[in-house]
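What follows is one structure encoded as structure tokens, with my remarks underneath.
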């Protein structure tokens, strides 16, 4: 029983740590995309991710994607069912980044326990987004 409690405490601390890292990464990404905005309107299609975005002070979660500055997508059906190609779209899975690379500006996802960030040059240009120079290592032409 004692080992189980120690294991449980360790697991909870790892999850909390990953959530904090994820929050910081999203915050950095959004500041890079919208350096002049004091409040960024965000629409997210996954409840568990909304909880993370709520913890970022300059984020306003929007109920209708049409009013958002940026849309975060975690489900393929969201991209297939909606006409949102004129929006700035960022995905949360590598599979979505690869499948919809002609629509999205980039993605953030976990792979082998590590965070990965990729921005797509063509779509950044399409939306007239210029990222800070320290983001250059994350910009690619294709996935």
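Tabulated values for the structure
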{"quantity": "Rounded to 10°, Cα long-axis angle of helix 2-33 versus longest principal axis of the chain", "calculated": "20 degrees"}
{"quantity": "Pairwise label distance in nanometres, residue 55 with residue 86, each label 7 Å out on the Cα-Cβ vector", "calculated": "3.6 nm"}
{"quantity": "Choice from 73, 88, 56 with maximal GNM fluctuation in the chain (Cα, 10 Å cutoff)", "calculated": "56"}
{"quantity": "Stokes-Einstein diffusion coefficient of the chain, Kirkwood radius over Cα pairs, 20 °C, 1.002 mPa s, in µm²/s", "calculated": "133 µm²/s"}
{"quantity": "Where labels lie 7 Å past Cα in the beta-carbon direction, separation of residue 24 and residue 75 in nm", "calculated": "3.1 nm"}
{"quantity": "Spread of Cα-to-Cα distances over 10 Å intervals beginning at zero, given as percent, for segment 39-119", "calculated": "18, 53, 27, 2"}
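None of the figures in this text is laboratory data; all of them are computed from the coordinates on show. The model shown is predicted, which means the values in this text are computed figures rather than measured ones. Cβ: placed from backbone, ideal geometry, glycine included. Neighbour counts: every protein chain shown.
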